[in-house]
Each structure stands twice: as structure tokens, then as C-alpha cells.
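Take a look at the structure below.
The values are calculated or read from the model by the stated rules, or taken from the named source; none is laboratory data. None of the values given here were measured: they were computed from a predicted structure. As a convention, Cβ positions derive from the backbone with ideal geometry for all residues, glycine included, and neighbour counts pool all protein chains shown. For the accessible areas, the whole protein counts, side chains as well, though only heavy atoms, and no ligand, DNA or RNA atoms are used. Shrake-Rupley method; radii C 1.70, N 1.55, O 1.52, S 1.80 Å.
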Amino acid sequence: HKLQCTLFGQYVDELNTFVGAGEVNNAVVIVQFAKAKTFQDKIHIQNCMNCSVLLFNPSCEESLNLRASVSDSDENPSPLSFTQLSVESSIQPLDEFLYNTPRITLQGLKDATNESSHVVVATVKRTLNPDSYWYTACVCGKAVIPDSRMFYCEKCNKHVQRVVPRFCVKVRVMDHTDSANFVIFDKEASLIFNMSCAHMLQNGDPTVVEGLVPPQIDDTLVNKTWLFKVEAKPSQNPRFEQSFRVRKICTDGAIIKQFKDKWDNEDAVFRKNRNEGGSLSTLLDKGKDVYVGGLSNVLCEVKYSVFSKIEYVSIQ
């Protein structure tokens, strides 16, 4: 029989720690003191806060017998194996960057007054943290603090032994309105560099001077013009320059070109309408029926305080 099990709070961290350890083949999990309920004719169980107990691959007789009864081969993989499922957006990059997310400039990003997500096209000029482009993280993803030859995770609220390096690359970007600091975290950085942070550190060039970023980072990022989906937040401290977190990056040249063409056309139409709306000829065309009267050859008097004089236009 199959049951859906839902975990909350600290039990999610326990599961993440177990999955991160890599021992997921023929995995057996015992859930004690769980809450059972029926919904839509299906039985569900979930943990009770500060009460339930999770045991992963226990050594009891029931667990050993269950693991031994299940075949684990390439042709017949174990049904007890499991991995973490990540919920990825089903939205195509073209729709997400061109239509579903509002466009903004770097100047508008700095002037934002509420939290929101926007897309900006910008060019990376340089990296800003050559001596700290990565950090040590717990399997839950949060940074850890070295403590007594171990590491302490504030999120898990305990000392942990398994830690991994993660990217945290800070770059300076620029567009036609302003420049700003962007922070690229592990997920997007790994996709761009096509390698994990651990792999980059292990296979780094030993001749690289300490305090400088590996050449792969500068070669991949600097002078590249991409689409960045970033978080806009009101500035908390005006004394310090704000940094913006990058949620997604689009490096597809065809999408970037469509993005630029789309907004160049819309900006051109906006400027054209604005200029025509404020031009003298347009104002006269809109108002000549009101001002014209009398004989066929009449002067139309239009006063413009901007020019501090009176313009006379002869209407045939």
C-alpha cells in the first residue's frame, strides 16, 4: 500500500540531511507518533510538531528484512529509493523574460518602493568579491559558522558535519541608465559555469594567486550582456549601496535580441507619441476649429507662456 507523508518544520531538515548524505538506495524510514487522516478517500500521514520521531535506515529486524526483500539492480531498481523533488517552473524562458515579468532599468530598480521581481538587460563589468566568491553551507543551503572543529547551522539549530561549498558571486553590472551590484548564488552560478562550486575548487589552477577569482568566472561573466530576473526591494540604508539578488539568468542570444527589439520598438512609439502630443502643429490641429472664425483668411491667435510671446498662424 502507498501512503502520502507530509513533513513540516525540523522534520524537513532531518530529511534533507539524510538525502544529502547520499544513502538513499533501499532507504527505509520509520515514522513514529504520526497523525493519520483521510482526505478524498485516501489515507495521509503527517508529523506532529515536537512529538513525531523519524528513523532513517534503522538497524531493527523489521527494517533489515524489508531492505533484504527488495531487489536493487540496474534492471529492477529499488522502489524504496527516493530523491528530493524540486519544483521547477513550467514557464518557458521566452514567456518568463519577455511577457510574464515586467521590464525595468537599473535606475528604476534602485528607485523601487515595494518588493517585486523584474527583468533587466545589463552588461557585467567586473566581479566585486574575488576573495569570497563562495561560502561554506549546510545541506539545507544556509551558511554555517565554524565552531570547535565543527560547523554550526543556525537554521537547523545544531552542529553539522556534512557541509558543502556554494557559489556567491557579486558582480557590477551596467545599462544605459545606471550601474548596480548583483549577487549570483549557487544555483544560477552552477548553471552558468557548468560546474559545481566544489568541482571548481578541486580542479582550480594552483598558480592562481590567492584573493583572485578563478579565470573561469571572469571569462564567463565579464563583458557579457544578459537578461537578469532580479528582486527589487526598497533601500533599507541609504548610506550603503544596495545589492540585488539574481533569481534567474537568460543567456540565450535569440531571446535577448527579441527582448531588446520589443522594448526598442515600444520605447520608440512612446517617444513618438510624446513628441507629437506636445508639438505646436499637433496642438494647432487639435484646436483650430475652436479658434478659427469669421472670413476665409483669418489669423488664429494662440498664446504660449513657454515662449513668452504670441504666435500668429495664418490658416488658408
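Some observations on this one:
- Within the stretch 6-55, restricting attention to residues that are on the phi > 0 side of the Ramachandran plot and not aromatic (Phe, Trp, Tyr), the residue that is least open to solvent (accessible area, probe 1.4 Å) is Asn26.
- Residue match in the stretch 136-156 (condition: open to solvent by less than 40 Å² (accessible area, probe 1.4 Å), touching a Phe, Trp or Tyr at 6+ places or on another chain (Cβ under 8 Å), modelled with pLDDT of 90 or more and not in a strand (DSSP E or B)): no
- Within the span defined as the stretch 161-172, one or more residues are part of a loop (DSSP other than H, G, I, E, B) and surrounded by fewer than 19 Cβ atoms within 10 Å (Cβ to Cβ).
Okay, residues lined up against (1) modelled with pLDDT under 50; (2) open to solvent by 50 Å² or more (accessible area, probe 1.4 Å); (3) closer than 30 Å to Lys229 by Cβ; (4) over 35 Å from the mean Cα position of the chain (by Cα):
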{"position": "Asn57", "(1), (2), (3), (4)": "no, no, no, yes"}
{"position": "Val70", "(1), (2), (3), (4)": "no, no, no, yes"}
{"position": "Asp74", "(1), (2), (3), (4)": "yes, yes, no, yes"}
{"position": "Asp95", "(1), (2), (3), (4)": "no, yes, yes, no"}
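- Single condition Asp219 does not satisfy, out of (1) surrounded by 13 or more Cβ atoms within 10 Å (Cβ to Cβ); (2) modelled with pLDDT of 90 or more: (1)
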